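J.: Got a structure here, written out as structure tokens. Questions coming.
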Amino acid sequence: MAENKQLGKQSIKFAHPPFIRGAASVVGTKEADGPYGKYFDEIEQDPMAGEDSWEEAEGKFQEKAAELAIQKAGCTTEDMRYIVAGDLLGQLMASSFGLIKLERPLFGVYGACSTMGESLAIASMIAEGGFADNVLALTSSHFASAEKQFRFPLGYANQRNKSATWTVTGSGAVVVSAASGIPAGYKSPDKVPEEKNKVHIVGITTGKIVDYGIKDNMNMGACMAPAAADAIVQHFIDFGHSPGQYDKIITGDLGLVGKDILIDIIRAKGYDISENYMDCGIEIYGEEQNVQSGGSGCGCSAVMLTGYILKMLESREWKRVLFVPTGALLSQVSFNEGNSVPGIAHAVLLERR
């Protein structure tokens with residue numbers, strides 16, 4: 001009988017945790033000017049990336065991040081059994097057009113700004129389940145393509161609300177590989193298994209759609225915070241963990257407004273994460289960069305993961321991180337029809353081994 005890897009109501013704990021073989025981040029100049037600029041792999045000076053449209057530019061960011069992650073993993077494109085990717089654009093335009101040249105089987109996914117968590121989770125299940133040796137997981141966002149689709153044309157030059165966030169221009173990609181297992185009694189340093197000293201994906205907690213009835217599309221933090229709280233608390237319950245057992249609990253892009261809401265909701269449920277909590281959207285830009293509540297977009301958590309978080313784990317500065325990208329599930333149609341903005345979040349448990 002196959003080993004049961006299901007844990008609690010919404011989680012999976014892997015019997016043989018897959019590992020991250022390589023990762024890459026490609027960002028724009030605004031992101032490079034922020035406090036984490038030195039951690040990103042490549043800075044694209046041209047926001048159009050040499051293309052004719054913002055959407056094509058975002059696809060180019062994905063293509064560059066994918067190729068660089070594969071290269072850093074010591075692999076070839078042909079080594080990738082599958083790609084799991086998505087973005088914010090209609091019909092996943094950035095992924096669909098940006099990854100054509102790779103010519104690999106693709107699972108297109110959409111979780112709004114939580115897409116990096118969803119991609120990582122699906123890639124991990126594929127690899128650990130024995131369906132692939134290597135899976136490429138990635139996502140992206142672009143300030144201009146997001147503004148064009150969801151808000152106002154750039155030429156409109158509208159005033160932004162204090163609760164609004166700034167969509168990150170960037171793409172993050174990881175190569176997730178199946179673990180071969182470390183031999184019992186391992187001692188010889190010249191026979192180090194390839195997953196030794198790597199960051200492993202130990203488990204995942206898949207989030208639910210949570211809707212508090214908020215209709216303000218300029219306050220994404222408030223829309224997403226309840227879903228993030230739900231996923232994080234359920235993760236604690238399913239794994240039997242407390243907040244203090246993590247070096248960091250990291251959400252995707254709740255921003256300054258969503259951060260306070262998240263901490264309050266979780267505290268009301270009996271947990272306090274305030275001591276070891278951080279949000280990628282708050283961190284990626286400096287206070288002087290005029291981004292209102294912080295950064296957002298699929299690329300926000302993706303480039304912070306591949307540029308900074310994994311480096312902190314690899315250096316053993318951190319040993320266990322709960323990575324929780326967050327997403328607001330709206331479209332042009334749903335917003336124009338007066339619907340509320342539900343949220344979703346996916347938790348990925350990362351450990352340095």
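J.: May I ask for the distance between the Cα centers of segment 278-314 and segment 68-116, given as a whole number of Å?
T.: Result: 21 Å between the Cα centres.
J.: Kirkwood Rh over Cα pairs of the chain into Stokes-Einstein at 10 °C, 1.306 mPa s: D in µm²/s?
T.: On the way: Rh = 19.9 Å.
D = 80 µm²/s.
J.: If the only charges are +1 at each Lys and Arg Cβ and -1 at each Asp and Glu Cβ, what is the size of the charge dipole of segment 29-88 around the Cα centre, to the nearest 20 debye?
T.: Details: 6 positive and 16 negative charges, 77 e Å.
My answer is approximately 380 debye.
J.: Determine the alpha carbon to alpha carbon distance for each of K101/K198; K64/K319; K148/K259; K13/K72; K13/K248 and list only those over 21 Å.
T.: On the way: K101/K198 29 Å; K64/K319 29 Å; K148/K259 27 Å; K13/K72 27 Å; K13/K248 19 Å.
Listed pairs above 21 Å: K101/K198; K64/K319; K148/K259; K13/K72.
J.: Moving on to the next point. If each DSSP helix of 4+ residues adds -39,500 (n - 2.57) and the sum is divided by the residues in the chain, what number results at 222 nm, nearest 500 deg cm²/dmol? Display every interim value, and only then the final one.
T.: Working: 11 runs with 106 residues, N = 353.
It comes out at -8500 deg cm²/dmol, rounded to the nearest 500.
J.: Let me ask something additional. Got a sec to turn the phi values of segment 164-171 into Karplus ³J(HN,Hα) couplings, 6.51 cos²θ - 1.76 cosθ + 1.60 with θ = phi - 60°, whole Hz, x for Gly and Pro?
T.: 6, 10, 9, 5, 5, 9, x, 9
J.: For segment 6-177, calculate the relative contact order in percent as a whole number, restricting contacts to Cα pairs under 8 Å that are 6 or more residues apart.
T.: Rounded, it is 30 percent for segment 6-177.
J.: Can you tell me which of 272-284, 54-66 comes out highest on packing, and rank the rest after it, using the mean Cβ neighbours within 10 Å?
T.: Working: 272-284: 21.1, 54-66: 26.4.
Going from most to least packed, we get 54-66, 272-284.
J.: While we're here: Considering amide H positions built from the backbone, and no H for Pro or chain starts, which residues 5 or more places from F107, or on another chain, come under 5 Å of its amide H?
T.: The answer is I83, V84, A85.
J.: Next up: When V176, V199 are ordered from fewest to most other Cβ atoms inside 10 Å of their Cβ, what list results?
T.: Working: V176 31, V199 26.
So the ranking, lowest neighbour count to highest, is V199, V176.
J.: Also, quick follow-up: Over its Cα atoms, what ratio of radius of gyration to 2.2 N^0.38 Å does segment 1-85 give?
T.: Numbers: Rg = 17.6 Å, N = 85, 2.2 N^0.38 = 11.9 Å.
After normalising by residue count via 2.2 N^0.38 Å, the value is 1.48.
J.: Rounded to the nearest 5, what % of the DSSP beta bridges within the chain are antiparallel ones? Intermediate values should be presented prior to the final figure.
T.: On the way: 36 of 56 bridges.
Of those bridges, close to 65 percent are antiparallel.
FYI, it's all coordinate maths here, none of it is from the lab. It should be emphasised that the depicted structure is a prediction, and the values quoted were computed from it without experimental measurement. Here Cβ is always computed from backbone atoms with ideal geometry, including for glycine, and neighbour counts include all displayed protein chains.
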